[in-house]
Amino acid sequence: MWRSLAPIGRHSGSGGYRRYAWTGADLDCRAWFRAQAESRGLALETDRNGNQWAWSGDPLAGDAVVTGSHLDSVPDGGAFDGPLGVVSAFAAFDELRRRGAEFAKPFAITNFGDEEGARFGLACVGSRLTAGQLTPGKARLLRDGDGVPLPRAMEAAGHDPDAIGPDPERLARIGAFVELHVEQGRALDLDGYPVGVASAIWPHGRWRFDFRGEANHAGTTRLADRRDPMLTYAETVLAARREAELAGGLATFGKVAVEPNGVNAIPSLVRGWLDSRAADQATLDAVVGGIERAAREHAERAGIDLDVVRESFTPVVEFQHVLRDEIRRLLGKRGPDGTGRDVPVLGTGAGHDAGILSASVPTAMLFVRNPTGISHSPAEHAREDDCVAGVTALADVLEGLACS
């Protein structure tokens, strides 16, 4: 499975993946998912929001156990973020068949659409629509960098954009959702564990900062006469690092757009996107508030107009304790080097479909060790033996939750 999926959407220059929602690479990933489902005799379904479901048993029976993740990527992303959860779900299903386990509940493997938000700027579009956390009206306003609206992109890919919207009946039929994911940090590696269980997802969001100045000639405009928004943006980037360090949170300006974007032109507009995360809401508020105050102070001194827009936000997600504790019980003692210690429980600063669904469905997550902690990069990696340990753990969990 891994070998057949690996070439899809891989960029020859960077070695990273460019699997953006509703593009050719995304459609190839969906075709791969369809082939995996059909080869196992699973019934394939694509829901109103473009999420794929591969079913064993009657989807309408209720109390289903579901696992999976996503196949899309960030720009030049790694091979494991998302796909490891989908590949492991199919492999765990194969392992349960090998064991002779029989499902007592409906079971499904999912591929949620547009989890990374790389094309339209909003993460977890597929699961947000399904859970009612993104309205169809707001979804239809989303546009990519070329100005293509989400509905047009969906229609071009063969999906009906008029059908998108909340799907509470579907969610009501799910008794548990378990997402396996490569860890996006080094906690497991430092502790020596191949697999861990998630406790919570940190609150996080994305804010757009629009700095508006005055375009002018780079070779004839005196420094004293300039209203250069790039300088204010640069000061804000530095302020973001200071505020994050002071408060103990995280802040990143990772995307910027410049107009008119000429080498010999002073910009008229610099638009930067802030990603900020923290272990609790108070810390996140302190970080983002401090960054905005610093940006406005610098903008006022330089004669720059500033608009700040919160484009997305996800509050802290505490995964259901009952399900989390049951998963730890099912996993038993799996300490490093054969020690009799329970698998660790750890938080994460990364968002996931499981976090979106947690408001509607009992959800949990398993993490697989990442020896470098690098993610959203071609250098993202997990060792084969750890991936196998993740599949075994997921199979054990699914057997305990769904099988007789």
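The values are calculated or read from the model by the stated rules, or taken from the named source; none is laboratory data. Just so we're clear, the structure is a prediction, and the values are computed from it rather than from any experiment. When we count neighbours, we look across all protein chains shown, and the Cβ atoms used for this are built from the backbone with ideal geometry, even at glycine. For accessibility, only protein heavy atoms count, side chains too; no ligands or nucleic acids. Shrake-Rupley method; radii C 1.70, N 1.55, O 1.52, S 1.80 Å.
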Quick one: is Asp285 modelled with pLDDT of 95 or more and open to solvent by 30 Å² or more (accessible area, probe 1.4 Å)?
yes
Being within 21 Å of the chain's Cα centre (by Cα) and hydrophobic (A, V, I, L, M, F, W, C) narrows it down to one of Val317, Val322, so name that one.
Val317
Thr252 fails exactly one of (1) in contact (Cβ under 8 Å) with a residue 40 or more places away in the chain; (2) hydroxyl-bearing (Ser, Thr, Tyr); (3) within 20 Å of Leu122 (Cα to Cα), namely (1)
The range 123-192: helices (runs of 4 or more DSSP H) wholly inside it with 2 or more residues that are out of contact with any helix residue (DSSP H, G or I) (no Cβ under 8 Å at 6 or more places or on another chain) and either hydrophobic (A, V, I, L, M, F, W, C) or on the phi < 0 side of the Ramachandran plot (or both) are 136-139, 150-156, 168-172, 187-191
Kindly provide the set of residues from the range 184-201 that are over 18 Å from Leu84 (Cα atoms) and open to solvent by less than 20 Å² (accessible area, probe 1.4 Å), ordered by number.
Ala200, Ile201
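So that you can scan it fast, the table gives a plain yes or no per residue for (1) under 18 Å from Gly68 (Cβ atoms); (2) open to solvent by less than 50 Å² (accessible area, probe 1.4 Å):
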residue	(1), (2)
Val343	no, yes
Thr372	no, no
His376	no, no
Ala395	yes, yes
Arg241 being open to solvent by 20 Å² or more (accessible area, probe 1.4 Å), of a type in the set (Lys, Arg) and without any contact (Cβ under 8 Å) to a residue 12 or more places away in the chain
yes
Keeping to the range 161-183, report how many residues are among the aliphatic types (A, V, I, L, M), touching a strand residue (DSSP E or B) at 6+ places or on another chain (Cβ under 6 Å) and surrounded by 22 or more Cβ atoms within 10 Å (Cβ to Cβ).
4
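Residue-wise test of (1) within 22 Å of Ser276 (Cα to Cα); (2) open to solvent by 60 Å² or more (accessible area, probe 1.4 Å); (3) out of contact with any strand residue (DSSP E or B) (no Cβ under 8 Å at 6 or more places or on another chain).
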residue: Ala295; (1), (2), (3): yes, no, no
residue: Glu300; (1), (2), (3): no, yes, yes
residue: Val316; (1), (2), (3): yes, yes, no
residue: Glu399; (1), (2), (3): no, yes, yes
residue: Cys403; (1), (2), (3): no, no, no
Have a look at Leu42, Leu27, Leu5 and point out the one that is touching a residue at least 40 places away in the same chain (Cβ under 8 Å) and over 24 Å from Ala153 (Cβ atoms).
Leu42
